[in-house]
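First the structure, in the form of structure tokens, and then the observations on it.
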Amino acid sequence: MKKTEALFEKIYNNAPEVCCFAPGRVNLIGEHTDYNGGHVFPCAINLGIRCAVSRRSDGVLRFFSANFQDSGIIKYSKDDLSAKGSWADYPVGVIRAFGAFGYPIESGADFCFSGDLPDGSGLSSSAALEVATGTALKELFSIPVTPQEIALIGQFAENRFIGVNCGIMDQFASAMGKRGCAVLLNAETLGYKYAPLGDAAVVVVNSGVKHSLASSAYNDRRRECEAARGALKVSALCAVTPEEFEEKKHLIANPVCRKRARHAVYENRRALDGADALISGDLELFGQLMNASHESLRRDYEVSCAELDFLSETARSISGVYGSRMTGGGFGGCTVSLLKPDAVANYVEVISAAYKEKFGIIPEIYNITAENGAEIIKRR
Ligand code: ADP
Ligand code: MG
């Protein structure tokens with residue numbers, strides 16, 4: 001955090017009033033279920049975005065990011081918060097969203113961000129940026145919002161002002177994570193419970209393939225799920241159990257929509273079973289559920305790619321690995337694997353060499369720990 005503070009001082013010539021950290025997240029199981037009214041099972045991670053901020057007496061809002069230094073300081077007036085097509089549209093969207101939730105921001109402010117999440121790789125740097133902004137604003141202006149509300153505000157900003165039709169998982173994990181635990185979240189009701197990871201190691205491998213969540217494929221999946229939901233005449237796909245689905249699936253005439261629905265229904269069950277498995281300490285079962293999740297995303301939901309399939313399959317052949325799957329929206333990004341702590345060093349070596357051999361690059365690898373949601377680090 002010291003580095004972000006020092007950068008703030010250098011850029012703005014005074015010390016920040018508030019510093020906070022918001023984590024990224026990795027989803028262990030339950031992919032593409034959140035917008036289908038189902039469960040997700042992410043944890044907040046030790047990588048994320050730091051934010052230093054101070055009030056200004058005029059109505060000027062200024063934004064700087066250590067990760068986008070070429071953009072320089074981006075300026076807005078509080079009276080004109082329309083998007084400018086830069087990264088700062090995310091924090092500005094959050095400011096607008098506070099207004100929409102009944103907490104208008106009436107003052108100017110200076111913001112400085114710095115992140116250690118790989119950008120656009122499915123560890124949700126965008127949600128970390130939104131939740132960091134929301135947490136900083138709450139503290140700076142003493143706004144009585146809960147962490148859950150900050151998550152909803154972040155999602156609103158991303159949906160309305162960035163144009164990404166994301167569910168609530170990413171922001172919720174970033175705001176509500178708990179050290180050593182994953183959080184089973186019902187995306188429909190926002191009911192949640194924590195499940196301990198025990199001594200399992202979590203390793204994330206970045207395929208280096210950039211996903212674009214806002215791309216047409218994501219919106220296609222949402223449309224296909226909506227069509228399947230309509231055909232089944234249910235409130236949400238994940239309201240259907242696998243048993244009910246098998247009885248009623250003939251109602252979905254379109255075979256593509258039927259596959260999409262099958263993924264959502266079974267993936268929701270896997271998320272529920274996965275949380276139970278962790279709570280009872282059954283890491284072997286959890287790993288099998290992860291592998292099944294990957295296959296379903298690959299064949300039924302069709303959001304994987306050759307690189308992710310290779311990483312997941314190779315991981316499963318390495319000793320000490322409980323399970324491995326793509327994580328995040330898909331079409332690139334990262335895999336997440338659960339393994340025995342003493343198997344990590346060998347896993348890293350083997351998977352790096354295999355990926356290099358097949359795709360010509362050494363993948364970035366992150367040893368992940370499950371951490372708390374956004375926290376204030378310092379207030380003046
Ligand atoms: P992700 O899967 O990481 O959330 P997105 O495409 O949803 O990928 O969000 C990435 C975008 O979020 C970046 O292009 C940038 O606009 C913004 N962003 C992420 N991290 C930072 C950062 N540290 N500073 C400024 N903007 C950031
Ligand atoms: Mg994102």
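Quick notes on this one:
- Within the stretch 1-39, no residue satisfies the criterion of being within 15 Å of ASN186 (Cβ to Cβ), modelled with pLDDT under 95 and hydrophobic (A, V, I, L, M, F, W, C).
A quick yes/no check of all residues on (1) small (Gly, Ala, Ser); (2) in contact with an Asp or Glu (Cβ under 8 Å, 6 or more places away or on another chain); (3) more than 17 Å from PRO23 (Cα to Cα); (4) away from ligand 1 (no atom under 13 Å from the Cβ):
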| site | (1), (2), (3), (4) |
| --- | --- |
| ASP119 | no, no, no, no |
| ALA127 | yes, yes, no, no |
| THR146 | no, no, no, yes |
| GLU149 | no, no, no, yes |
| ILE162 | no, yes, yes, no |
| MET176 | no, no, no, yes |
| CYS181 | no, no, no, yes |
| TYR192 | no, no, yes, yes |
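- Within the stretch 199-233, being away from ligand 2 (no atom under 16 Å from the Cβ), at pLDDT 95 or above and closer than 22 Å to GLY180 by Cα holds for ALA200, ALA201, VAL202, VAL203, VAL205.
- Selection within the stretch 129-144: residues that are aliphatic (A, V, I, L, M) and away from ligand 1 (no atom under 11 Å from the Cβ). The member of this set that is farthest from CYS225 (Cα to Cα) is LEU140.
- Some residue of the stretch 102-109 being β-branched (Val, Ile, Thr) and in a helix (DSSP H, G or I): no
- Identity of the residue in the stretch 1-31, among the aliphatic types (A, V, I, L, M) and open to solvent by 20 Å² or more (accessible area, probe 1.4 Å), that ends up farthest from HIS294 (Cα to Cα): ALA15
- Scanning the stretch 37-59 for residues that are open to solvent by 10 Å² or more (accessible area, probe 1.4 Å) and farther than 19 Å from LYS193 by Cα turns up ASN46, LEU47, ILE49, ARG50, ARG55, ARG56, SER57, ASP58, GLY59.
- Whichever residue in the stretch 101-129 is closer than 19 Å to PHE8 by Cβ and open to solvent by less than 10 Å² (accessible area, probe 1.4 Å) and, among such residues, is farthest from ligand 2 (Cβ to nearest atom): GLY108
- Sole exception among (1) open to solvent by 20 Å² or more (accessible area, probe 1.4 Å); (2) within 13 Å of ligand 2 (Cβ to nearest atom); (3) in contact with a Lys or Arg (Cβ under 7 Å, 6 or more places away or on another chain) for PHE161, by number: (2)
- When LYS210 is tested against the conditions (1) in contact with a Cys (Cβ under 9 Å, 6 or more places away or on another chain); (2) open to solvent by 40 Å² or more (accessible area, probe 1.4 Å), the lone failure is (1).
- First in the stretch 339-359 and at positive phi, second anywhere and surrounded by 12 or more Cβ atoms within 10 Å (Cβ to Cβ), Cβ under 9 Å, 6 or more apart: none
- Looking across the stretch 60-97 at every residue that is open to solvent by 60 Å² or more (accessible area, probe 1.4 Å) and of a type in the set (A, V, I, L, M, F, W, C), the one that is farthest from ligand 2 (Cβ to nearest atom) is identified as ILE73.
- Restricting the first member to the stretch 61-78 and to residues that are in contact (Cβ under 8 Å) with a residue 40 or more places away in the chain and under 23 Å from GLY120 (Cβ atoms), and the second to residues that are among the β-branched types (Val, Ile, Thr) and assigned to a strand (DSSP E or B), the beta-carbon pairs closer than 6 Å and six or more apart or on different chains are PHE63/ILE74.
- Test for ALA264: is it within 24 Å of the chain's Cα centre (by Cα) and buried (at least 23 other Cβ atoms within 10 Å of the Cβ): yes
- Among the residues of the stretch 130-150, those that are of a type in the set (A, V, I, L, M, F, W, C), touching a helix residue (DSSP H, G or I) at 6+ places or on another chain (Cβ under 7 Å) and either open to solvent by 10 Å² or more (accessible area, probe 1.4 Å) or over 26 Å from VAL203 (Cβ atoms) (or both) comprise LEU137, ILE143, VAL145, ILE150.
The values are calculated or read from the model by the stated rules, or taken from the named source; none is laboratory data. Just so you know, these numbers come straight off a predicted model, no measurement behind them. Neighbour counts are summed over all protein chains in view; Cβ atoms, including those assigned to glycine, are modelled from backbone coordinates with ideal geometry. Ligands, DNA and RNA are excluded from the accessible area calculation, which covers all protein heavy atoms including side chains. Shrake-Rupley method; radii C 1.70, N 1.55, O 1.52, S 1.80 Å.
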